[in-house]
Amino acid sequence: MKEFKINYGGIITLLVMCGIFLVVGVVFALLPESVYIGWGDDNPQMTRFYPLIAAGIFDIIFCPVAYVVYVREKKFVAKANELMHVIGSEAIALTGLIKDPQEERENAAKTAISVIGGFLSALILGFGVYKIYGKNNKRHFILFPDGLCVIDAVNNTQAILNRETANNMTVTQKRNKLLVKFPSEQLYIVIKTNGLDISQDQLAEKFAQTFSIPAKPEEKLAYNV
C-alpha cells in the first residue's frame, strides 16, 4: 500500500527564491562604488545596500511561509496515511484535480468579462486590471473497494463517493492521467497516474470495479437463462 508523501515542490521553490534574492542582494552590495557612479548614482554608499535590504525583507517574510507550508503538509500527510490504514490494505493513495464543469464555465465567463474590461480600461485610461476567476481544485483521493474518499487539504474536508450515489461513472485514459466522470454528481476528476505502484490500466479497472453496480439476483438468473 503506497502512502501519501510530502510535496516538497512548493517548499523548495520558496527556499530557492529566498536564496536567489539574498545572493543578488549581496552581489549588489559588493559592487565597487565606481560602478554605481557610472550608472549615474550620486549616493552609492547607501543605494548599494537597497537590494540587500529588499532581499532581507523578502526572506523574513517567505522563509517562515515555507516552514508553515511544510508543517501543514506534514500534518495532512500523517492524517491521510492514518485514514488509509483504517480503510485497509486495498486503499490506493491518489492525487489530482476535481472539477465542476458548470462552475468552470461560469469562472471562464467572469474571467473573459474581466479581461475585456481591463483591456478597455487600458485603452481609455492608459492602464487596466483584470482578475482570473477560479479556486484551488487540487485534491487527494483514497480509492477503496466501497468508494472514493475525496480530501481537500486546504479546507480540511472529506467527502465519500460510492456506487449508490455516484453511478454511471466513466473512465477515460489519457497520457499519465485518468479522466473519471460522475454525471450524477455533475463533476469529473483528473487523476495523475505517473509514479503509482499500479499501472494505469489496473487503476482504471479498480475504478470500474468500485463503481459498477452488481446485478440483482433475478437479473443474473434471467441473464443466465
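For the ranges 64-72, 33-41, what's the packing order if you count other beta-carbon atoms within 10 Å of each residue, average per peptide, and put the highest first? Mind showing how you got there, number by number?
Values: 64-72: 13.9, 33-41: 11.4.
Per-residue Cβ counts within 10 Å, averaged per peptide and sorted highest first, yield 64-72, 33-41.
Give me the accessible area per residue for region 1-77, probe 1.4 Å, as a whole number in Å². Don't skip to the answer; put the middle values down first.
Details: 5210 Å² over 77 residues.
I get 68 Å² per residue for this part.
Roughly how many Å is it from the Cα centre of region 161-200 to that of region 1-73, as a whole number?
41 Å
The values are calculated or read from the model by the stated rules, or taken from the named source; none is laboratory data. None of these values were measured; they are calculated from a predicted model. Don't worry about glycine lacking a Cβ; one is built from the backbone with ideal geometry, like all the others, and counts go over all protein chains shown. Heavy atoms of the whole protein, side chains included, go into the accessibility calculation; ligands, DNA and RNA do not. Shrake-Rupley method; radii C 1.70, N 1.55, O 1.52, S 1.80 Å.
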